[in-house]
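Read through the structure below, which is laid out as structure tokens, and then see the notes.
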Amino acid sequence: VYTVMSVIVAAPLIIYLALQPAVDLRFQMLTDSITAARNGDFAPVLTTTVQTLGMFVWQGDPQWHYNVANTPVFDPLTSVLFLAGLFIAVWRWRRLPYAFYLIWLLVSLIPGMLSAPAPHPRSSRR
């Protein structure tokens, strides 16, 4: 029922955008790296993936309206704790809670990895 209702609700927008692609300029901007990958150029997707993964400890989003510009999500101490937790989860990936954490983290980062500009850290620091 949930899937059917989702399709019913989203169908008009999807059909409209398919028939009028010039209407949603922002959507086109976000999907440029996906379009490049479909054409065989994986550099934009790799760039946004590295930027998205680095947002936690290295450099955050350059756009000030998402966070303090270029500030990583975690401070140095929290970055160490995050990386330690990530290492432990990878080490114990065969246990269900750790596997779930890794899958959840990866799936939640996919939109940022596939869209430009990256990253989009939506942290609680605002």
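For region 98-126, name all the residues that are part of a helix (DSSP H, G or I), surrounded by fewer than 16 Cβ atoms within 10 Å (Cβ to Cβ) and either at pLDDT below 90 or not hydrophobic (A, V, I, L, M, F, W, C) (or both).
To start, the set of residues in region 98-126 that are part of a helix (DSSP H, G or I) comprises 98-114.
Now narrow it down to the ones that are surrounded by fewer than 16 Cβ atoms within 10 Å (Cβ to Cβ): 99-100, 102-108, 110-111.
Once the filter is applied, which keeps residues that are part of a helix (DSSP H, G or I), surrounded by fewer than 16 Cβ atoms within 10 Å (Cβ to Cβ) and either at pLDDT below 90 or not hydrophobic (A, V, I, L, M, F, W, C) (or both), region 98-126 yields Ser108, Ile110, Pro111.
Considering only region 60-98, state which residues are hydrophobic (A, V, I, L, M, F, W, C) and under 21 Å from Gly112 (Cα atoms). Full working, then the answer.
First, pick out the residues of region 60-98 that are hydrophobic (A, V, I, L, M, F, W, C): 64, 68-69, 73-74, 77, 80-84, 86-91, 93, 96.
Matches in region 60-98: Trp64, Val68, Ala69, Val73, Phe74, Phe82, Leu83, Leu86.
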Every pair of residues 6+ apart whose Cβ atoms lie under 6 Å, when the first sits in region 29-57 and is basic (Lys, Arg) while the second is modelled with pLDDT of 85 or more and open to solvent by 70 Å² or more (accessible area, probe 1.4 Å): none
Can you give me the ranges of the helices (runs of 4 or more DSSP H) entirely in region 1-97 with at least 3 residues that are surrounded by 11 or more Cβ atoms within 10 Å (Cβ to Cβ) and modelled with pLDDT of 90 or more? 76-91
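The values are calculated or read from the model by the stated rules, or taken from the named source; none is laboratory data. The model shown is predicted, which means the values in this text are computed figures rather than measured ones. Note that each Cβ is placed from the backbone with ideal geometry, even for glycine, and that neighbours are counted across all protein chains shown. The protein model used for the area step is the full one, side chains on, heavy atoms only, and it has no ligands, DNA or RNA in it. Shrake-Rupley method; radii C 1.70, N 1.55, O 1.52, S 1.80 Å.
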